[in-house]
Amino acid sequence: MVAGLLERMREEHPDIRWTEIDITQHPEVAVKYRVMSTPAVVINGKLAFAGVPHEKKLKEYLEALITSG
C-alpha cells in the first residue's frame, strides 16, 4: 500500500531524493526520527506521517515544500 503510493510520488517528483529504510535493521533511525509505528514517512528530517498517508495529503505536503523553496 505505502510502496505503491511512494512509487507514484517518485514518478511525479523525480527531482526529490527518496530513501527507504528498514527500521528493524536500523533501529537507530527510528529513534532519531521518533518513529513509534510503521509505516512512517519522514520528510526533511521530520516525522511527517505516521501510518499510511492519504495520497492527496502527501501530494499537498510535497507541493508545499517544493513551492516554498
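Every read-out reported here was derived from the displayed coordinates using simple, explicitly stated rules and does not represent laboratory data. Everything quoted here is computed from the prediction, not taken from an experiment. Positions of Cβ are generated from backbone atoms using ideal geometry, with glycine treated the same way; all protein chains shown enter the neighbour counts.
A Förster distance of 25 Å, applied to the separation of the beta-carbon atoms of Thr67 and Val29, puts the FRET efficiency at 0.35. PRE reach from Lys57 (point 7 Å along Cα→Cβ): which of the range 4-35 fall under 19 Å by backbone N? From the range 4-35, the list is 4-10, 34-35.
With neighbour counts taken as other beta-carbon atoms within 10 Å, the residues Thr67, Thr38 rank, fewest first, as Thr67, Thr38. When its C-alpha radius of gyration is set against 2.2 N^0.38 Å (N residues), the range 2-68 gives a value of 1.10. Between Met36 and Phe49, the contour length at 0.36 nm per residue exceeds the alpha carbon distance by 3.6 nm. Summed over qualifying helices (DSSP H, 4 residues or more, each -39500 (n - 2.57)) and divided by its residue number, the chain shows a 222 nm mean residue ellipticity of -13500 deg cm²/dmol.
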